[in-house]
Amino acid sequence: MILIKDRGYQHPIASEITPREVFLSRRRWIQAAAAGAIAGALPAQAGVARPGKLAALAAVPSAVAGALTMDKPTPYADVTSYNNYYEFGTDKSDPAEYAGSLKPRPWSVAVEGEVRKPAVFDLEALMKLAPLEERIYRLRCVEGWSMVIPWIGFSFSELIKRVEPTANAKYVQFVTLADPKQMPGLRSGVLDWPYTEGLRLDEAMHPLALLGFGLYGEVLPNQNGAPVRMVVPWKYGFKSAKSLVKIRFVEKQPPTAWDQAAPSEYGFYSNVNPHVDHPRWSQATERRIGDGGLFAKRRPTLMFNGYEPQVGQLYAGMDLRKYF
Ligand SMILES: Nc1nc2c(c(=O)[nH]1)N[C@H]1C(S)=C(S)[C@@H](COP(=O)(O)O)O[C@H]1N2
Ligand SMILES: [Mo]
């Protein structure tokens, strides 16, 4: 096995080794990280208790382990410089250029609506709800490109359990920061701010749905949605809302920013589906960022972004053309 090292992050690459061996090696790496090795990779942040919790990376639960991709992670430089974060502008390079004005600390997330235990969690309390794990997921943007990102976080279901949804809770709405002082992109009317998203409660409960606090062993860079975001790997990337400030449990399907902006193009479900094209382009293939530029061969897009064995059951019997 070969370890390559970048920014203090070691990940195995699959050369002359089977995926199974890669996976076992990764588990060993995670165990090593749990022993504290990763702590040195964290950038110190002013005024913040050093997030020691990121050092305590737990082993991923077996329900999730089988879903972790063996694809080679996209280089850190690409993950943090090619972004969609319209609050900072619509060009791919805008978030990396302008998100320095986002202040990710102090931060709190309000959880309200149809729950027995509504709460306002400050970031540090939120991060302590469950042990942090590394989850290497594919991210497929609706625009036709994809990345592979080693996230840090835990299943969103851990938060759900904590607030105890009532019997009326059928959906979860995610509301993200909209502060014109920090976010120059709010001047544009491309979307109705704040950026909102939503999931059905059973989707939100699925162990693959991640509440993310970091990537590549470090706290989230601002352009990737600091300090806390959703990562829903079987759906198009826009379902994974960045910089969350409010989480609402509701009875009716909530409006979402993209569905409101262009309902015929961006449905509430937006599961990755190579058989259902976007009205303006095919979704059958994708370009893997970092794969060798415009001349690299496009890859076939996989049903539910490759997570069909894990999540297909959520949509049994549903017409996925109607509920796109
Ligand atoms: N608040 C907010 N969240 C957002 C977006 C956005 O513009 N604003 N863009 C989405 C889109 S379209 C994608 S593809 C992913 C990109 O995440 P990444 O930049 O970390 O790869 O974030 C999603 N979350
Ligand atoms: Mo996207």
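Take the Cβ-Cβ distance between residue 101 and residue 261 as r, set R0 to 30 Å, and report the resulting FRET efficiency rounded to the nearest 0.05.
In this case the efficiency is close to 0.80.
How much solvent-accessible surface does residue 81 expose, in Å² to the nearest 10, with a 1.4 Å probe and all protein chains in place?
50 Å²
Once each part is reduced to its C-alpha centroid, what is the distance from region 237-261 to region 110-182 in angstrom?
When both Cα centres are located, 11 Å separates them.
Work out, step by step, the length gained on full extension between residue 252 and residue 282: first 0.36 nm times the residue separation, then minus their alpha carbon distance; give nm to one decimal.
7.7 nm
Using a simple charge model, +1 on the beta-carbon of Lys and Arg, -1 on the beta-carbon of Asp and Glu, nothing else, what dipole does region 177-308 show about its Cα centre, in debye to the nearest 20?
The dipole of region 177-308 has a size of about 280 debye.
Taking region 81-196, how much of its Cα-Cα pair set, in percent, is spaced more than 17 angstrom apart?
Here the tail beyond 17 Å accounts for 68 percent of pairs.
Would you mind computing, in nm to one decimal, how far apart the modelled labels at residue 125 and residue 93 are, each placed 7 Å from Cα along Cα→Cβ?
The answer from the label model is 4.3 nm.
Label residue 108 and residue 166 with points 7 Å out from Cα along Cα→Cβ: what is the distance between them in nm?
Simple spin-label model gives 2.3 nm for this pair.
Two-decimal Rg/Rh of region 110-266 from alpha-carbon positions, Kirkwood Rh?
0.94
Need one number for region 192-324: average projected area of the convex hull over its C-alpha atoms, nm².
Result: 9.4 nm².
If I model a spin label as a point 7 Å beyond the Cα along the Cα-Cβ vector, how far apart are those points for residue 202 and residue 297 in nm?
With each label placed 7 Å out from Cα toward Cβ, I get 3.8 nm.
Over its Cα atoms, what ratio of radius of gyration to 2.2 N^0.38 Å does region 63-123 give?
My calculation over the Cα atoms of region 63-123 gives 1.63.
May I ask you to compute the full-extension gain from residue 81 to residue 308, defined as 0.36 nm times their residue separation minus their alpha-carbon distance, rounded to one decimal in nm?
Once the chain is fully extended between residue 81 and residue 308, it gains 78.8 nm.
The values are calculated or read from the model by the stated rules, or taken from the named source; none is laboratory data. Being a predicted model, the structure only gives us computed values, none of them experimental. Using ideal geometry, Cβ is built from the backbone for each residue, glycine included, and neighbour counts are taken over all protein chains shown. Keep in mind that these areas ignore ligands, DNA and RNA; they rest on the heavy atoms of the full protein, side chains included. Shrake-Rupley method; radii C 1.70, N 1.55, O 1.52, S 1.80 Å.
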